[in-house]
Amino acid sequence: MRILSGIQPSGTLHLGNYFGMMKPSIALQERGEAFYFIANYHSMTSLFDPEERRKNTFDVALDFLACGLDPKRTVFFRQSDVPEVTELTWMLSSVTPMGLLERCTSYKDKIAKGISPNHGLFAYPVLMAADILIYDSNLVPVGQDQKQHVEVTRDIAIKFNELYGETFVIPEPQIQAEVAKVPGTDGEKMSKSYGNTIDIFGDEKVIRKKIMGIVMDSRTPQEPKPDAEKNLAIQLLRLVAPAAVATDYEERLRAGGLGYGDLKKALFENYWNYFAAPRAKRDELAANRDYVEGVLRDGAAKARSLARKVLDRAKKASGL
């Protein structure tokens with residue numbers, strides 16, 4: 001089984017990235033042949049500072065390696081180091097119905113949030129389809145918000161196969177329902193676009209202040225909270241604390257007597273402890289830049305070897 005996933009270097013990675021994509025992807029490297037890439041082409045739809053893109057790209061590599069990605073098991077690379085993907089994007093664009101892209105909710109949601117529209121943002125699903133199809137991917141772990149884009153990929157691949165003969169493997173999405181939507185500090189989906197994130201490797205004082213600043217309702221500590229499972233701090237605590245600890249705090253909140261300040265302190269402490277070992281590993285990697293760059297170069301060489309074969313197959317099938 002070949003597994004494919006990518007993540008944009010459009011900003012500092014946060015808990016939504018970790019639990020929605022990184023953690024399940026790292027777990028999957030034990031189950032098949034994993035191809036994971038840093039989607040720096042995709043970041044061009046919303047990030048326009050070249051130095052920031054370069055820094056973010058390296059930081060994403062550090063974060064993944066620190067969190068447990070094993071370059072001996074996983075092909076890990078920069079998207080732009082495999083130029084074949086953009087060539088395939090054009091070929092797929094020529095068979096992609098406009099209506100298919102117009103129905104994509106992600107584009108509409110981003111525009112509604114004030115992100116400036118451009119062709120790249122609109123055609124994002126076609127580049128994503130090329131990312132997936134060029135490695136004969138079987139499984140694509142994604143967040144709930146990207147599920148539609150994998151469905152678009154399937155539609156595009158089926159259309160190409162119908163026109164030119166069996167060329168592409170039809171991929172399947174994998175979504176972990178319990179963490180498909182990680183809430184941000186405002187209760188909305190955690191996203192860099194919304195400014196409501198908790199960084200994976202954030203500064204201790206900054207993150208403590210952000211967590212302690214999470215707005216709660218006006219009920220007093222003594223009041224029972226029968227809806228404790230909906231509490232934002234409880235939802236986040238369930239991600240970073242042992243199950244028994246999170247359950248204990250939820251029951252105490254439901255019964256009454258637990259102050260929101262104490263709950264948020266527990267959330268910060270469990271978050272900080274959860275990433276203690278990866279934080280130390282990241283510091284080691286940051287001091288060995290040549291090693292990290294070597295991992296990305298080796299991964300790109302392996303990825304290009306496969307991408308070239310799939311691209312040649314698609315070109316032959318379509319008469320190029």
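With every protein chain in place and a 1.4 angstrom probe, the accessible-area ranking of Trp90, Trp272, largest first, reads Trp90, Trp272.
Where does each of Arg279, Arg304 land when they are ordered by accessible area, with a 1.4 Å probe and the largest first?
Details: Arg279 45, Arg304 95 Å².
In descending accessible area the options line up as Arg304, Arg279.
Spin-label pair Thr247-Gln144: with each label point 7 Å from Cα along the Cα-Cβ axis, the two points sit 2.4 nm from one another.
Could you work out the local net charge near Glu151, counting Lys and Arg as +1, Asp and Glu as -1, over the other residues with Cβ closer than 12 Å to its Cβ? Computed value for this residue: +1. Suppose the Debye formula is applied to equal point scatterers at every Cα of segment 105-217; what is log10 I(q)/I(0) at q = 0.11, 0.17, 0.18, 0.21 Å⁻¹? The Debye formula, applied to the Cα set alone, gives -0.50, -0.95, -1.01, -1.16. The heavy atoms of Tyr291 offer some 100 square angstrom of accessible surface to a 1.4 angstrom probe. Computed with the Debye formula from one identical point scatterer per Cα of segment 68-171, without solvent, the log10 of I(q)/I(0) at q = 0.19, 0.22 Å⁻¹ comes to -1.02, -1.26.
Residues with beta-carbon under 13 Å from that of Gly99, excluding Gly99: net charge, scoring Lys, Arg +1 and Asp, Glu -1? Intermediate values should be presented prior to the final figure.
Details: positive: Arg103, Lys159; negative: Glu102, Asp155.
Its environment carries a net charge of 0.
For the chain, what does -39500 (n - 2.57) per DSSP helix run (n ≥ 4), summed and divided by total residues, give at 222 nm, in deg cm²/dmol to the nearest 500? Can you show the working numbers first?
On the way: 13 runs with 166 residues, N = 320.
After summing the helix terms and dividing by the residues of the chain, the value is -16500 deg cm²/dmol.
Can you check what the net charge comes to around Arg308, using other residues whose Cβ is under 12 Å from the Cβ of Arg308 (Lys, Arg +1; Asp, Glu -1)?
Numbers: positive: Lys302, Arg304, Lys309, Arg313, Lys315; negative: Glu84, Glu87, Asp312.
Residues near Arg308 contribute +2 overall.
Amide H contacts of Ile198 (H built 1.01 Å from N, in plane; Pro and chain starts excluded): Leu15, Gly16 sit under 5 Å, all sequence-distant by 5 or more or on other chains.
Past the 27 angstrom mark, what percentage of all C-alpha to C-alpha distances in segment 1-155 do you count? Present the calculation step by step, with values, prior to reporting the outcome.
Values: 2186 of 11935 pairs.
The answer is 18 percent, as a whole percent.
Using a cutoff of 8 angstrom between alpha carbon atoms and counting only pairs six or more residues apart, the relative contact order for the chain works out to 23 percent. For segment 180-320, the Cα gyration tensor yields ellipsoid semi-axes of 43, 21, 13 Å (square root of five times each eigenvalue, largest first, whole Å). Values of log10 I(q)/I(0) for the chain across q = 0.07 Å⁻¹ run -0.31, by the Debye formula with one identical scatterer at each alpha carbon and no solvent. Accessible area per residue (1.4 Å probe, heavy atoms of protein chains only) ranks Cys67, Cys104 as Cys67, Cys104, with the largest value leading.
Could you give the dipole magnitude of segment 163-243 about its Cα centre, charging the beta-carbon of Lys and Arg +1 and that of Asp and Glu -1, in debye to the nearest 20? Walk me through the numbers on the way to the answer.
Working: 11 positive and 12 negative charges, 79 e Å.
The calculated dipole for segment 163-243 is roughly 380 debye.
Taking amide H atoms as placed 1.01 Å from N in the peptide plane, the amide H of Ala34 lies under 5 Å from those of Ile3, Val75, each 5 or more residues away in sequence or on another chain.
Hey, can you find the accessible area per residue of the chain for me, probe 1.4 Å, expressed in square angstrom?
Values: 14930 Å² over 320 residues.
Here the per-residue accessible area is 47 Å².
Computing the accessible area with a 1.4 Å probe over protein heavy atoms, can you report the carbon and sulfur percentage for the chain?
Numbers: 7620 of 14930 Å².
Here carbon and sulfur together make up 51 percent of the probe-accessible area.
The values are calculated or read from the model by the stated rules, or taken from the named source; none is laboratory data. Keep in mind it's a predicted model, so treat the numbers as computed, not measured. Cβ coordinates were reconstructed from backbone atoms using ideal geometry, including for glycine residues, and neighbour counts include every protein chain displayed. Just so you know, the surface numbers come from the protein's heavy atoms only, side chains and all, with ligands and any DNA or RNA stripped out. Shrake-Rupley method; radii C 1.70, N 1.55, O 1.52, S 1.80 Å.
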